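S.K.: Next up is a structure, given as structure tokens.
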Amino acid sequence: MRIGINGSSLVATGASLERLVDHAAAAERDGFASYWLGQLAIPDVLTVYAVAGRATSRIELGTAVVPTWMRHPLMLAAQALTTQEACANRLTLGIGLAHREIVEQAIRVPFRAPAKHMAEYLAVLGPALTDRKVDVSGDIWSGADDLSAGARSATAPALLVAAMGPRMLTLAGGRADGTILWLSGPRTIARSIGPGLRAAAAEAGRPAPRIVAGLPVCVTDRPERVRAAIDGVLSRYGQLPSYRAVLDAEGADGPGDVAIVGNAEQVRTALAALAEAGATDFAATEFGTSGDEFLATRAVLAEVAATGV
């Protein structure tokens, strides 16, 4: 299981472009395989990666995730291919539906037929990325264009779809390169996400899919305090239906219960459990209630990244 860093908490707290680029560069220096950022209102993460690509040379740069409702798939393809050229083909494009409450509040568009929405979105986005040409007519998303003129050194980025339910897992396995998760623990990955994803990939004749797990992580000697703090910071996730479902599947009351929290050995054991469950990658959201906890967390994650899970 490859170990990466998810810096989305910096996006949520309004970090500058310079801070985000420095954070990605530090993750590369510390030996991590990947770096991930979520797309909120601002900044635009693909633009961040166009800059970060020039400040790094090796690390994978992944979006976790770009919401589909806000960007036409042809526009997203053009942005992704341009960023891919800027970062020397190290981009992984993670996309997702987001949530009804967020979409309808932000852009005043009804959140309807989400599975059909994603299927049609992929029908345009996939060929635009891989073939540079597309001509598709759908009920929700259509597109006809030729993207072959520019960004010629860019290859099609790996494409991940945020998926937790059966229909989305079928799309992620059958028409993309895998899935990227948030707050899904080893039980959910082993029992539902992994089997559904792999079955869809096999039926479509695609390679074994990636499963990028994402959880808060903290090395601490005060686990109860840290879990309570995580529950406070991430409380809204327990109210969103899709996340509520995966928390219930893990037998968790809140995000703090699925977070990887404890001493160094307990954190290593929890990471091994994710790998055993079928996660191919782990995107760690580092958490702490003190500077010492952040330092200890980074040290253990870097050690695991270097030695393997």
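The values are calculated or read from the model by the stated rules, or taken from the named source; none is laboratory data. The shown structure was predicted, so the numbers you read here are calculated from the model rather than taken from an experiment. Please note: Cβ atoms are built from the backbone with ideal geometry, for glycine as well, and neighbour counts cover all protein chains shown. Each accessible area value is taken on the protein alone, full model and side chains, heavy atoms only, with ligands, DNA and RNA left out. Shrake-Rupley method; radii C 1.70, N 1.55, O 1.52, S 1.80 Å.
S.K.: Anything in segment 244-263 that is open to solvent by 30 Å² or more (accessible area, probe 1.4 Å), in a helix (DSSP H, G or I) and either among the hydroxyl-bearing types (Ser, Thr, Tyr) or more than 22 Å from GLY196 (Cα to Cα) (or both)? List them, or say none.
M.R.: Matches in segment 244-263: ASP257 only.
S.K.: Can you find a residue that is surrounded by fewer than 21 Cβ atoms within 10 Å (Cβ to Cβ), among the hydroxyl-bearing types (Ser, Thr, Tyr) and under 27 Å from HIS117 (Cβ atoms) anywhere in segment 40-63?
M.R.: yes
S.K.: Quick check, is GLN266 on the phi < 0 side of the Ramachandran plot, modelled with pLDDT of 95 or more and open to solvent by 10 Å² or more (accessible area, probe 1.4 Å)? Working first, answer last.
M.R.: On the way: on the phi < 0 side of the Ramachandran plot: yes; modelled with pLDDT of 95 or more: yes; open to solvent by 10 Å² or more (accessible area, probe 1.4 Å): yes.
So GLN266 passes the test.
S.K.: Could you look through segment 275-303, keep only residues that are closer than 14 Å to SER34 by Cβ and open to solvent by less than 10 Å² (accessible area, probe 1.4 Å), and pick out the one that is farthest from the chain's Cα centre (by Cα)?
M.R.: Ranking the candidates gives LEU301 first.
S.K.: Going through VAL212, VAL226 one at a time, which residue ends up being among the aliphatic types (A, V, I, L, M), at pLDDT 95 or above and touching a Cys at 6+ places or on another chain (Cβ under 7 Å)?
M.R.: VAL226
S.K.: Right, something else. Looking at PHE32 and the list (1) assigned to a loop (DSSP other than H, G, I, E, B); (2) open to solvent by 30 Å² or more (accessible area, probe 1.4 Å); (3) in contact (Cβ under 8 Å) with a residue 40 or more places away in the chain, which single condition is not satisfied?
M.R.: For PHE32, the exception is condition (2).
S.K.: Against the condition free of Cβ contacts under 8 Å to residues at least 12 places away in the same chain and open to solvent by 10 Å² or more (accessible area, probe 1.4 Å), how does ASP221 come out, does it pass?
M.R.: Working: free of Cβ contacts under 8 Å to residues at least 12 places away in the same chain: no; open to solvent by 10 Å² or more (accessible area, probe 1.4 Å): yes.
Against the criterion (free of Cβ contacts under 8 Å to residues at least 12 places away in the same chain and open to solvent by 10 Å² or more (accessible area, probe 1.4 Å)), ASP221 does not qualify.
S.K.: Here's another thing I want to ask about it. For segment 265-286, indicate whether the set of residues that are part of a loop (DSSP other than H, G, I, E, B) and either touching a Pro at 6+ places or on another chain (Cβ under 7 Å) or over 18 Å from LEU181 (Cα atoms) (or both) is non-empty.
M.R.: Checked segment 265-286: no residue is part of a loop (DSSP other than H, G, I, E, B) and either touching a Pro at 6+ places or on another chain (Cβ under 7 Å) or over 18 Å from LEU181 (Cα atoms) (or both).
S.K.: Moving on. Which residues, counting only those in segment 94-126, are of a type in the set (Phe, Trp, Tyr) and either open to solvent by 60 Å² or more (accessible area, probe 1.4 Å) or assigned to a helix (DSSP H, G or I) (or both)?
M.R.: So the first thing to find is which residues in segment 94-126 are of a type in the set (Phe, Trp, Tyr), and the list is 111, 121.
Across segment 94-126, the qualifying residue is only TYR121.
S.K.: Residues in segment 33-54: is at least one at positive phi and out of contact with any Pro (no Cβ under 9 Å at 6 or more places or on another chain)?
M.R.: Scanning segment 33-54 turns up no residue that is at positive phi and out of contact with any Pro (no Cβ under 9 Å at 6 or more places or on another chain).
S.K.: Determine which single condition LEU81 fails, assuming it passes every other condition in (1) open to solvent by 10 Å² or more (accessible area, probe 1.4 Å); (2) more than 22 Å from GLU28 (Cβ to Cβ); (3) outside any strand (DSSP E or B).
M.R.: (1)
S.K.: A further question follows. Being without any contact (Cβ under 8 Å) to a residue 12 or more places away in the chain, under 20 Å from LEU147 (Cα atoms) and over 13 Å from the mean Cα position of the chain (by Cα), is that true of even one residue in segment 69-81?
M.R.: So far as segment 69-81 goes, yes, one or more of its residues are without any contact (Cβ under 8 Å) to a residue 12 or more places away in the chain, under 20 Å from LEU147 (Cα atoms) and over 13 Å from the mean Cα position of the chain (by Cα).
S.K.: Let me ask something additional. Taking strands (runs of 3 or more DSSP E) that do not extend beyond segment 134-225, which have at least 3 residues that are under 21 Å from the mean Cα position of the chain (by Cα) and within 25 Å of GLY238 (Cα to Cα)? Full working, then the answer.
M.R.: Numbers: elements: 143-146, 158-161, 178-180, 210-219.
Where strands (runs of 3 or more DSSP E) fall fully within segment 134-225 and carry at least 3 residues being under 21 Å from the mean Cα position of the chain (by Cα) and within 25 Å of GLY238 (Cα to Cα), they are 178-180, 210-219.
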